[in-house]
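Below: the structure, in structure tokens.
The values are calculated or read from the model by the stated rules, or taken from the named source; none is laboratory data. What you see is a predicted model, and the numbers here were worked out from it, not measured in a lab. Ideal geometry is used to build each Cβ from the backbone, glycine not excepted, and the neighbour counts take in all protein chains shown.
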Amino acid sequence: MKFIRPLLLAMLVATALTAQAKYNGEDRGKPVMPSEVNAKWQAECAGCHMAYPPGLLPAASWKKVMAGLDKHFGTDASLPATDAREITNYLTKYPSNRWTSSAAPLRITDGEWFKAKHFNKGEIAPEVWKRASVKSPGNCNACHTGAEKGDFNERNIRIPK
């Protein structure tokens, strides 16, 4: 009996830490940027905004994003069918497993892990998102200096003034 209580406590703490890591998006087994980089994805997506790493959204989301390029967040980003298919295949080959629901959101910023890291802890003041140098929560590379390489390490964050 003397050893059961500490053992149960240790198990409870380990379970809580595992749940917290998943909730916060600490997806330790899968990088957000694969070692294979598709040139067409890089050229087409980065032509207008940061080419978001495939591991930031689940496959179902990437399929929805790519199927709706004619109305891509208010812009017609249509591509030839062969290019769209190649990029879709690349994005869905390396999807995220961070999402806990079966939903297929179109925005990375809709994720629980994103909100936990950027909004829930109060670490980032609301006025930061309004700065001309930041513009919106979707502008990852404004603060994450290695975002375009899939590096979102907290040590490399520089919040612009």
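Please work out which one of (1) under 20 Å from Lys161 (Cβ atoms); (2) among the hydrophobic types (A, V, I, L, M, F, W, C); (3) in contact with a Ser or Thr (Cβ under 9 Å, 6 or more places away or on another chain) is the condition Trp62 fails and give its number.
(1)
Answer with yes or no whether Ser96 is surrounded by fewer than 16 Cβ atoms within 10 Å (Cβ to Cβ), modelled with pLDDT under 90 and hydroxyl-bearing (Ser, Thr, Tyr).
Against the criterion (surrounded by fewer than 16 Cβ atoms within 10 Å (Cβ to Cβ), modelled with pLDDT under 90 and hydroxyl-bearing (Ser, Thr, Tyr)), Ser96 does not qualify.
Glu26: assigned to a loop (DSSP other than H, G, I, E, B), of a type in the set (D, E, K, R) and at pLDDT below 85, yes or no?
Working: assigned to a loop (DSSP other than H, G, I, E, B): yes; of a type in the set (D, E, K, R): yes; at pLDDT below 85: yes.
For Glu26, the condition - assigned to a loop (DSSP other than H, G, I, E, B), of a type in the set (D, E, K, R) and at pLDDT below 85 - is met.
Count, please, the residues in the range 111-161 that happen to be aliphatic (A, V, I, L, M) and either in a helix (DSSP H, G or I) or on the phi > 0 side of the Ramachandran plot (or both).
4
So is Val65 over 13 Å from Val32 (Cβ atoms) and within 19 Å of the chain's Cα centre (by Cα) or not?
Numbers: over 13 Å from Val32 (Cβ atoms): yes; within 19 Å of the chain's Cα centre (by Cα): yes.
So Val65 fits the description; yes.
Name the residue, out of Asn153, Asn139, that is within 17 Å of the chain's Cα centre (by Cα) and either surrounded by 14 or more Cβ atoms within 10 Å (Cβ to Cβ) or aromatic (Phe, Trp, Tyr) (or both).
From the options Asn153, Asn139, the qualifying one is Asn139.
Please work out which residue is farthest from Asp151 (Cα to Cα), limiting yourself to the range 43-92 and to residues that are among the hydroxyl-bearing types (Ser, Thr, Tyr) and in contact with a Lys or Arg (Cβ under 7 Å, 6 or more places away or on another chain).
Here the residue is Thr88.
From the set of residues in the range 69-86 that are without any contact (Cβ under 8 Å) to a residue 12 or more places away in the chain and either touching a Gly at 6+ places or on another chain (Cβ under 6 Å) or small (Gly, Ala, Ser) (or both), which is surrounded by the most Cβ atoms within 10 Å (Cβ to Cβ)?
It comes out as Ser78.
Identify all residues within the range 89-108 that are over 13 Å from Pro58 (Cβ atoms) and in contact with a helix residue (DSSP H, G or I) (Cβ under 8 Å, 6 or more places away or on another chain); write none if there are none. If you could, list the steps in order and put the result at the bottom.
Of the range 89-108, the ones over 13 Å from Pro58 (Cβ atoms) are 89-90.
Result: Tyr90, single match.
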